[in-house]
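Read through the structure below, which is laid out as structure tokens, and then see the notes.
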Amino acid sequence: MGIVLSSKPLVDLSQIVGVTKPLTRVDGFALVAGDRFYRTSDGIEFYWTGTVWASTQLFTHTFGTVSTSGGGYTQSNLEIPNDFNCLITGFRIQGRIDGSTNNASDYWTFSPKLAAGFAFPGLSVISTQGITYAQFDNIWLKQNYSYLIALDVGATLNATDWGTRPIGIGCEWSTVGTPSSIGFQQITTYRLAI
């Protein structure tokens, strides 16, 4: 008795090429998460998340290099090309503490915002609590996230969507206790979506 080998892969993902985003596979069957679509009009490859077509390329937006000893807010505009939505995939805080005080009682918190005053739904506050001064020098504090900002013309936007171009991405920071001053930047990762 021998082993039977099949040339068909275990997961048959569809590869689609065209100008308009497909609603089904080429054979008419439903899309499967992981299916690929290469949009010839702009040379961008997308994959089907199960909900939207997201670019295979991950983009980053960095802003807010600030040295501060108290709370505050800063914002930068994220430019998304026309005809695309924005799928936020994560936030990173990178920085340094300018003194030796950062502990369980004295620390910093960071809250990424979708424009001034609008919190991302379900996003936790990012904190330096429990990280010692020596550990925090250029350490990434990160949170993976998934949030679609619908920018399509005529799309229905929920109350927390900014919905206009450019998208205002911000960061609100504050202190608990009296930690040493800090310098930091926020890095937002995102994919284009259609």
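Each value in this text was obtained by applying a stated rule to the coordinates, not by laboratory testing. As the structure is a prediction and not an experimental result, all values here were calculated from the model.
Each residue of the range 43-51 is assigned a 3J(HN,Hα), and the resulting list reads x, 10, 9, 10, 10, 7, 7, x, 10 Hz, derived from the Karplus form 6.51 cos²θ - 1.76 cosθ + 1.60 (θ = phi - 60°), x at Gly and Pro.
Under 5 Å between amide hydrogens, built in the peptide plane, is the criterion, and for residue 53 it picks out 194 among residues at least 5 positions away or on other chains. Distances between placed amide hydrogens fall under 5 Å for residue 120 paired with 114, all partners being 5 or more residues away or on another chain. In this structure, the amide hydrogen of residue 101, modeled 1.01 Å from its nitrogen in the peptide plane, lies closer than 5 angstrom to those of 180, counting only residues at least 5 positions away or on a different chain.
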